[in-house]
Amino acid sequence: MQYEKLFRAQSVWKSIFSLAVPSVIVILVMILYNMTDMFFVGQLGDIRQVAAVSVVSPLFSLSAAVATMLGSGGTALIAKALGSNDKKQAKIYASLCFWGAAGFGILIAIGLLLTRKTILPVLGASDEVLQFAEAYMGICAMGVPLMLASTTLGSIIRAEGAVKEGMAGNMAATLLNMVLDPLFILVMDLGVAGAAAATVLGNLAGTLYYIYYIRKKAAVLNISIPLAVQSPGALLDILALGLPNALSSILSGFASTFSNRLLGNHGTDAIAAMAAAGKMAMLISMIQMGICMGIQPLLAYNYGARDLPRLKEILQKAALLTAGLGVFTGAACYFGRGIVIGMFLKEALAAEMGEQMVVYLVLGSPVIGIYYLGTNFLQASGNAVLATVMSVLRQGVLLIPFLYLFHRFWGLGGIAAAYTAADLAAAVIASLFLLKQYRRLSADTEKNMQNYE
């Protein structure tokens, strides 16, 4: 089968690149996808509608966190089950992911529609923005089940090696949205309502594509209701294992809030400078995350198969790849910081601040991939507790105190340095957890062999 060739038979480097490259492309496309609505709405020249999109976006970021839990947790468990040759359990996990996405999506949609008049003012929607925010939120809310289903299915089909198909569905949804946005927003003059409709139709296209693949072409995956109800409790295992990815996104938002509060002491220029510098650091981080999330099914399959030599080779080569790429991208950002920062900031003082912050932020580039590798390995092994601890450590336990501590002693530069310090500390801890989990598997495998003999 396709997944056996990809995960077990072909060379490790080939398997890594087969999984990592499409995953990185999807990550970069998602960044573009998230900017599309804002860009075309901005062409209207109506600041109220731009503000409406900005106000509503955090709600759907939280909704996306649910899809992340289902997708990443389901992918790891399905691949691990396939590695153990438990195809029935893999089918159960897949069915639970789909129907879980549909169920959670419906509940979230109802909640958003019922509370939008109350919650939007809390999020900062003023009276002049409120009607546009309600229009955008109302249509997007009705499409939440499709957004959750599309994201979740796009993730779990990678567990059986359908990497190209996963990327194709994502690209189809993104391209349709990008085509419909100018048509609905500018040509048909629907404004933010048109942007929301384009997003919903894009997710519909992605969902339909993935359902077609699973029903007609999938080697193992299934979305049968009878299978899902056989073991409903397994949904909790999926959510627990996917929780680290969701927590990482949520805590990142909290950390940004604390960072902005400290930056505010140094003026608006400092906030703008950090935002621009942060975009460069985010690009490096997202590429590294894409690589490690891409190879997670490979790790989970070989962990489930207890193929220690291949698993060790995968970890070594993935660490080498992320570290090498981190050095290259970090150096590129360092030497090109003036050009890139100048694209975002035109004021000389703010641009100078941004260039200085980039120097601090890229110092952690060579090791940030080790953090993502450790976290994804813990998820692949089914260790939800340690994986969750890692997510909470980097964005919460480490970063937030570091922000205040470093700012107190080193001022403005200390805020940027805090991010690097948190990355370095998280990478060291992730390495220790990874080694501990690998040794546990090695000991269990040796014990089972002795019992068998």
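Would you be able to tell me the number of residues in segment 397-430 that are in contact with a Gly (Cβ under 6 Å, 6 or more places away or on another chain) and either closer than 14 Å to LEU315 by Cβ or free of Cβ contacts under 8 Å to residues at least 40 places away in the same chain (or both)? Count: 2. Any residue at all in segment 203-220 that's crowded, with 18+ Cβ neighbours inside 10 Å and within 18 Å of LYS80 (Cα to Cα)? The answer is yes, given that some residue of segment 203-220 is crowded, with 18+ Cβ neighbours inside 10 Å and within 18 Å of LYS80 (Cα to Cα). Just one of the listed residues (ALA380, ALA422, ALA427, ALA387) is under 21 Å from LEU243 (Cα atoms) and in contact with a Pro (Cβ under 7 Å, 6 or more places away or on another chain), namely ALA387. Looking at GLY324, GLY342, GLY338, just one residue is assigned to a helix (DSSP H, G or I), closer than 19 Å to VAL24 by Cα and small (Gly, Ala, Ser), and that residue is GLY324.
Taken together, the criteria exclude GLY290 from residues that are modelled with pLDDT under 85 and surrounded by fewer than 24 Cβ atoms within 10 Å (Cβ to Cβ).
If I ask for residues that are surrounded by fewer than 23 Cβ atoms within 10 Å (Cβ to Cβ), of a type in the set (Gly, Ala, Ser) and in a helix (DSSP H, G or I), which ones from segment 221-243 would you list? Answer for segment 221-243, where residues must be surrounded by fewer than 23 Cβ atoms within 10 Å (Cβ to Cβ), of a type in the set (Gly, Ala, Ser) and in a helix (DSSP H, G or I): ALA234, ALA240. Restricting the first member to segment 311-328 and to residues that are over 24 Å from ARG440 (Cβ atoms) and in contact (Cβ under 8 Å) with a residue 40 or more places away in the chain, and the second to residues that are crowded, with 19+ Cβ neighbours inside 10 Å and not polar (S, T, N, Q), the beta-carbon pairs closer than 6 Å and six or more apart or on different chains are ALA323/PRO366; GLY326/PRO366; GLY326/GLY369.
Anything in segment 368-389 that is hydrophobic (A, V, I, L, M, F, W, C) and surrounded by fewer than 24 Cβ atoms within 10 Å (Cβ to Cβ)? List them, or say none. Listed by number, the residues that qualify are ALA384, VAL385, LEU386, VAL389.
Can you confirm whether segment 379-396 contains a residue that is in contact (Cβ under 8 Å) with a residue 24 or more places away in the chain, charged (D, E, K, R), more than 30 Å from LYS80 (Cα to Cα) and assigned to a helix (DSSP H, G or I)? No, segment 379-396 contains no residue that is in contact (Cβ under 8 Å) with a residue 24 or more places away in the chain, charged (D, E, K, R), more than 30 Å from LYS80 (Cα to Cα) and assigned to a helix (DSSP H, G or I). Screening ASP189 on (1) crowded, with 17+ Cβ neighbours inside 10 Å; (2) at pLDDT below 85; (3) in a loop (DSSP other than H, G, I, E, B) shows it passes everything except condition (1). Taking the criterion of being over 24 Å from LEU239 (Cβ atoms), among the small types (Gly, Ala, Ser) and crowded, with 24+ Cβ neighbours inside 10 Å, the only residue of segment 131-160 that qualifies is ALA133.
The set of residues in segment 310-330 being under 16 Å from ALA20 (Cβ atoms) and surrounded by fewer than 16 Cβ atoms within 10 Å (Cβ to Cβ) consists of GLN316, LEU320, GLY324, PHE328.
Against the test of being touching a helix residue (DSSP H, G or I) at 6+ places or on another chain (Cβ under 8 Å), at pLDDT below 85, over 15 Å from ALA234 (Cβ atoms) and not in a helix (DSSP H, G or I), the options LEU44, LEU120, LEU32, LEU62 yield a single qualifying residue, LEU44. A Cβ distance below 6 Å, combined with a sequence gap of six or more or placement on separate chains, defines the contacts here; from segment 130-150, residues that are in a loop (DSSP other than H, G, I, E, B) reach residues that are not acidic (Asp, Glu) in the pairs GLY143/VAL200; GLY143/ASN203.
Evaluate segment 78-85: report whether one residue or more is out of contact with any strand residue (DSSP E or B) (no Cβ under 8 Å at 6 or more places or on another chain), closer than 26 Å to LEU308 by Cα and outside any helix (DSSP H, G or I). Yes, segment 78-85 contains a residue that is out of contact with any strand residue (DSSP E or B) (no Cβ under 8 Å at 6 or more places or on another chain), closer than 26 Å to LEU308 by Cα and outside any helix (DSSP H, G or I). Quick check: anything in segment 331-346 surrounded by 23 or more Cβ atoms within 10 Å (Cβ to Cβ), over 24 Å from ILE156 (Cα atoms) and among the hydroxyl-bearing types (Ser, Thr, Tyr)? No, segment 331-346 contains no residue that is surrounded by 23 or more Cβ atoms within 10 Å (Cβ to Cβ), over 24 Å from ILE156 (Cα atoms) and among the hydroxyl-bearing types (Ser, Thr, Tyr).
For segment 207-241, filtering for residues that are under 21 Å from the mean Cα position of the chain (by Cα) and touching a residue at least 60 places away in the same chain (Cβ under 8 Å) leaves 8. Scan segment 351-366 for residues that are among the aliphatic types (A, V, I, L, M) and either crowded, with 22+ Cβ neighbours inside 10 Å or assigned to a loop (DSSP other than H, G, I, E, B) (or both) and the total you get is 5.
The values are calculated or read from the model by the stated rules, or taken from the named source; none is laboratory data. Since the model is a prediction, treat every value here as computed from it, not as a measurement. Cβ sites come from the backbone with ideal geometry, for glycine too, and all protein chains shown count toward neighbours.
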